[in-house]
Amino acid sequence: MAHLTEGTLRRMVDDPDAKVGADAAHLDGCAECQARFKLASEDARSVATLLAVPEAPFDVDKAFARVTGAPKAQPTLGLRFPILRPAARPTLALVAAVVAAAVVVVAFAFSGFFFKPATVKPVPVTVADIQALSQLADYGTITWTKQPDLHVVTSPTEAADAAAGVQPPTVSGLPSGISTNITYAAMPQAQAVFTFSADKAATAAASHGKTLPSMPAGMDGATLTITVGPAVGEIFGTLSQPAGSSANDISLPQLVVAKSAAPTATSTQVTVTQLEDFILAQPGISPELKKAVEAIGDPSTTLLIPVPIEYANSTQVTVQGVDGVALGDNTGVGSGVVWVKDGFVYLVAGSLKQSDAINIANNLK
Amino acid sequence: MTAVPKGLSDEEAFEALFTAEYARVVGIANRVLADPHEAEDVAQEIFIDFHRLHSATAEYAPAWLHRAAAHASLNRLRGARRRQKREFAQALEAEDKTLDPQKQAEVAEDRRRLRDALGRLAPKPAAVLVLRASGLSYAEVAQALGIGIGQIGTLLRRAEATLRKEVSRGTSN
């Protein structure tokens, strides 16, 4: 039998019950492992002694009052946490990561119905508003004519090959502490066709106890073709899943940089504006969202970035000489910046300060 | 790891989480910083951040708090080395009164050196060491840091071997 690993020996120091079976038998008969076990014990004891501190005295009630009395500052990009919860498989984790892009994916799903954007603008929404968007499937049929197909590769060249020649941006000016271990992801163009159905829409409205808003002529059977990508992403940080670990053991990346051809939408039978009006009139879309979307201006040229008002704040910033939207703040918990330039949507996001995210964005080449 | 009972309002759930976890979060921060006041500052900032962003009923709440406590206090340690001498001396004063003055000074120096080295250690082994030293089980440490339980022993061993070497090196100089 091979010698016991340092990890196994260390665990035996902490837990005598770990000394069982073949490992225990090996330790009993191996002078070398016994010596390593002794050293591990001594190191552990010595460090524990030096780390020991007197217990900190505190008053829980006072502390609680102080915490709950703290001013409710604008929340940071908390959406990152539920959305980037470790996924079931590394590939899914990567997908999740590419989407600190939470924002961008939501934007695709949502604004994809309206636009070929040249600029970005934040729209304050509630999570309920976003969730309501999935109900759009109740108003028609969604068919992928080109399935989203994510490739995970190790070099920018391979990423560009898989993404119809879209080159991953070159990142410079990384703040210290960001891993230089980069994983590349690429997605060829994906395309979905949404076909409106008057029957389904009426059924959906009825299920909300409401009647269908009056439909523009030609809406029934109208199609909307949404094209997303090609896109490439660079993920900084370790994504590998440790051997023998569970599905929850995937580390999340520190920084994601993504570049995607600006999504486009084409419609048949109705105009994009008619479509917008009709969608916003559906039951389940809140008046707040309706108001925000109406305030956007020309929907065919603006990428809407839904910002969940419970979790994230947003500010307009100038990035690479164009208007962008920055999310999060300077606490380092999480932030991101999204902008559109020369037909591409860019995203820089991660566990970093907003000023760092903007700095990286401005230095992207 | 403490789970907040279901069926509470958001505010009740947060209070239950706070009551269950505050001592542990302060303990983690104090272990790193050896300064009870600063540890409380860190703990309160963490709970304020958590309260803004998350539901106290979330399953990951305790793990999130433990991880944040380790990272936030290690970050402070890295940024505050110049203040350490005084702080560790204070912490020692409260604990080791039975030692003679020379021995006290030696131990204080070792502690200062250890925390200095802890601040230079890679984030993952440092966080594993701090959480384990604060009484978290292997499973709790694994959950807090999102790593496999099988890695804990290895990371712990690496951290302790490095720290002990650094402290010994300083002593022999």
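At a glance:
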| item | result |
| --- | --- |
| Close pairs (7 angstrom Cβ cut-off, 6 or more residues apart or separate chains): in contact (Cβ under 8 Å) with a residue 12 or more places away in the chain and at the interface with chain A (Cβ under 7 Å from one of its Cβ atoms) in region B:44-57, buried (at least 19 other Cβ atoms within 10 Å of the Cβ) and assigned to a loop (DSSP other than H, G, I, E, B) anywhere | B:D49/A:V333 |
| Segments classed as helices (runs of 4 or more DSSP H), wholly inside region A:1-119, with at least 2 members that are surrounded by fewer than 18 Cβ atoms within 10 Å (Cβ to Cβ) and at pLDDT 75 or above | A:21-29, A:31-51, A:60-68 |
| Single match in A:N363, A:N330 (criterion: farther than 27 Å from A:Q189 by Cβ and modelled with pLDDT of 85 or more) | A:N363 |
| B:E40, sole failed condition from (1) within 11 Å of another protein chain (Cβ to nearest Cβ); (2) in a helix (DSSP H, G or I); (3) free of Cβ contacts under 8 Å to residues at least 24 places away in the same chain; (4) surrounded by fewer than 20 Cβ atoms within 10 Å (Cβ to Cβ) | (4) |
| Verdict on B:A139 being assigned to a helix (DSSP H, G or I), out of contact with any strand residue (DSSP E or B) (no Cβ under 8 Å at 6 or more places or on another chain) and more than 7 Å from every other protein chain (Cβ to nearest Cβ) | yes |
| The listed residue being at pLDDT 80 or above and surrounded by 16 or more Cβ atoms within 10 Å (Cβ to Cβ), out of A:A265, A:A231 | A:A231 |
| Filter result for the condition that a residue is in a helix (DSSP H, G or I) and at the interface with chain A (Cβ under 7 Å from one of its Cβ atoms), over B:A144, B:A161 | B:A161 |
| Hits in region B:18-37 (condition: at the interface with another protein chain (Cβ under 8 Å from one of its Cβ atoms) and among the basic types (K, R)) | B:R31 |
| Test: residue in region B:74-93 that is modelled with pLDDT of 90 or more and more than 10 Å from chain A (Cβ to nearest Cβ) | yes |
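The values are calculated or read from the model by the stated rules, or taken from the named source; none is laboratory data. Remember, it's a predicted structure, so these values are computed and weren't measured experimentally. Positions of Cβ are backbone-derived with ideal geometry, glycine not excepted, and every protein chain shown enters the neighbour counts.
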